[in-house]
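What follows is calculated from the coordinates using simple rules that are stated; it is not laboratory data. Please read these numbers as outputs of a predicted model, since none were measured by experiment. In this analysis, Cβ positions are derived from the backbone assuming ideal geometry, glycine residues included, and neighbour counts consider all displayed protein chains.
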Amino acid sequence: MALSQENSDGRNAPRKSPDAFRTISEVSDELNVPQHVLRFWESKFSQIRPLKRGGRRRYYRPEDVMLLRGIRRLLYEDGYTIKGVQKVLKERGVRAVADGAREAGDAPATPSAPTASPATPVVASDLVETGAGDDVDLARLVAELDEIRGLLTR
């Protein structure tokens, strides 16, 4: 039995994996925020960097969606201004804002042992920006690399 969810137009679509990339329309539906607001937030928060493919089509990583969820919570539920959220991001970091959304119960359930998708490699600049470079779990990285090797040899 295939899992499905209803789109904004009323049609059922297959449910994506939690690690799958999302289009702007999927993120818009999931967060109940208009697409133009998501594009506006990209201009105000440099930390939001969706991948852009042909035709400048946006693809949001799971980390982007969690950050957007945290920004939405700060703006709409906690009453922060854009400048206030920028200050929170600068002082506490991206991870704190995204984790705040997860702790507030805004996030969908995630697997107990999350794994990185091979399509979302760890980039050194991301580690430096978030300050996570010191916390890298080498065993997890080795396991992810083994998983990627297995995918490539299929």
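About its Cα centre, the dipole of the stretch 17-98 is roughly 420 debye, where the only charges are +1 on Lys and Arg Cβ and -1 on Asp and Glu Cβ. Per-residue extension of 0.36 nm, minus the Cα-Cα distance of Glu103 and Lys16, leaves a gain of 29.1 nm for this segment. Once the cut-off is 14 Å, how many percent of the Cα-Cα pairs in the stretch 46-86 end up in the long-distance tail? When all Cα pairs of the stretch 46-86 are counted, 54 percent exceed 14 Å.
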